[in-house]
1. Please report, in debye to the nearest 20, how large the charge dipole of the protein assembly as shown is about its Cα centre when each Lys and Arg carries +1 at its beta carbon and each Asp and Glu carries -1 there.
2. Report the net charge of residues surrounding B:His355, where surrounding means a beta-carbon distance below 12 angstrom and charges are Lys +1, Arg +1, Asp -1, Glu -1.
3. Classify region A:21-133 from the C-alpha gyration tensor, please: rounded if a/c falls under 1.5, else prolate or oblate depending on whether a/b exceeds b/c.
4. Given the C-alpha centroids of region A:107-159 and region B:238-264, what is the distance between them in whole angstrom?
5. Which one, B:Leu342, B:Ile393, B:Asn403, projects farthest toward the positive side of the charge dipole computed for region B:273-408 from Cβ point charges (K/R +1, D/E -1)?
6. Can you give the longest run of chain A that contains no GluC sites (Glu not before Pro) sitting in a DSSP loop with at most 11 other Cβ atoms inside 10 Å?
7. Using a Gaussian network model on chain B with a 10 Å cutoff between Cα atoms, which of B:Arg35, B:Arg242, B:Arg124 fluctuates the most?
8. State the answer as a single residue: which of B:Ile195, B:Ala310, B:Ala353 lies farthest towards the positive end of the charge dipole of chain B, with beta carbon charges of +1 for Lys and Arg and -1 for Asp and Glu, about the Cα centre.
Amino acid sequence: MASLPDEVLELLRDPASVKLLATVDPDGTPHLAIRPSLTVLENGELAFAEELDSSELSQDLVHAIWRDRRVTVGVSLGATVWQIRARLWRCVITGPLLKRFLLLARAERGPDADISTVWVLRADDVRDDSPAVRRLEDASRRPNAGSHLDRASLVRREA
Amino acid sequence: MTRSHEPGPREVAALHPEIPLFILLKMDLQRRGLRLTPAALEAVQDPLYDYSRSYVIYGQGDYVHTGHTAPKNAPGPLLLRDGTSVLVLAGAEYNNSYTVDHQDGRFLLYDGDEFLDEVDFSPRPDFYGKRTSRGTPMESIATARPQRIDINPYRFCHFWEGGNQCRYCAYFTDVTASKALADGKFPRQVDPEDIFETVREALKEPGRFSQIMLTSGADPRGEHTFDFEVDRQIEALQAIGRNFQGRRFASELIGCGYDKRQLQRLHDETGLTSYCPDIEVWDPKLFDWICPGKAKYNGRDWWIRSALDAVDIFGPGNVYTNAVAGVELAQPHGFKTLDEALASHFEACEFFAKHGVVYLSLVWIPWRGSQFHGQPQPPLEFYARLIKGLRDIKRAYGLTSVNDDYRHCGNHGDSDLERIA
Ligand code: SF4
């Protein structure tokens, strides 16, 4: 399991971050889901709550754990974006972890809130996908490639 | 090196790539049983796992060599990483068992020396260890699956009187531990108030249960066959129902074949949502041989009729019937080939599916205490072909096992396969 940089851990624990999961179904069709409950556990594993077994995401996750396929997690706040490729590690339908996420859901959404499952993931690799970082990396690998020549940082403007 | 010489889950998965390894492993665990190393046995005494005194492991078999002479409490159902539950009684070894060890705080599954995967056990529910207002230990009233409460309102099967029990059955043959759990009192009939209070307590634990299942031994007595049994089930279901605001609650009754009037009463007088009269064996001659009690009261056609009638009352997809898959190969009268056995299952599944009944398979274990003890089980590949065929038939009829899926029951490879629509 890859360890995550502190910045990513903070982002994952920040309720203001947008947390996304990208999966594919058994036919290969991609699917994107937002899961605000996604967080990092004390042991470094990622976990989030899923409400319904019948959701597209649940179905894709079952497919992924059965076939040992990876999923991608995106976490973003402002101009910062990180991407984590991860393996499904556990589908939790009972026990302390399920209880913890359920109580959180009920604290947020009221006593009738429910979840069916907590999915646990293990990161394989992580990369900073923020546009600024990607641009710098691209510039160092492929200088002069692909950027428009009229950008403010390139063109000498008349006074 | 594995201890098994017949094709195991990995080899069968290579032959049937559409069946996930997790489900093959689950069915093979059911077939072959599970033993705990001394470290694992110690680890499951932890309050999180220490399931119940209702299943105790004595210093028998392999444990003789480990120095465990005092009884130890057994864990609950095994959980695989994909959420598949395996209803296998750890310690009740019967056929070249798998092993669970405990290392660095993790439970690890082995086949012989070969490490297979990390596993877990269903946690002990909060109501275990508590007593009803009559002083009855609640864990003697109800037991817990990962998401289901199981209750036996009546703990005796009258088919055993006169030797009419199903030939694979070992139900209620060893109630020593259950009696000890109930402080020596083990009345056949459970007090409905104890059931009400136990369920009330169980529902206090957040997210622990999503279904309640009732089953009992058969009781054909009454003015009409099974009237006593139906009266008792209604009493128990009404007691459970007092815990809920609404009319219905997610529930299943695994019972005998009832007539229309009895089924209507169960539907109208209780909050029951699904009903399951088990056909056990489809072939008419084998049904009569293997289930003499069911044949006597009131025969195969009656049990089939009951399932079909129930669809009119509970709705398509809310009526189930189980087959103990493999018993139809028991000798001397059983099928001689796996293909014949599979064809019989598929015929049964198709017949029931046409009428809105969900036909499910169970892995047969030739329990000690049953008449079939010592008979060979079919190979794992038989179960692989079986669950795929059953899933395909039910899918073609738009049937799914909502009340008997991986989450609620966990006993059926074919309903596990339905997790992907
Ligand atoms: S009906 Fe058959 S399987 Fe059920 S308890 Fe009686 S003998 Fe056993």
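Every read-out reported here was derived from the displayed coordinates using simple, explicitly stated rules and does not represent laboratory data. All of these numbers come straight from a predicted model, not from anything done at the bench. Counting neighbours? That spans all protein chains shown, and the Cβs are built from the backbone with ideal geometry, glycine included.
1. 440
2. Here the charged neighbours net out to -1.
3. oblate
4. 55
5. B:Asn403
6. A:43-157
7. Fluctuation is largest for B:Arg242.
8. B:Ile195
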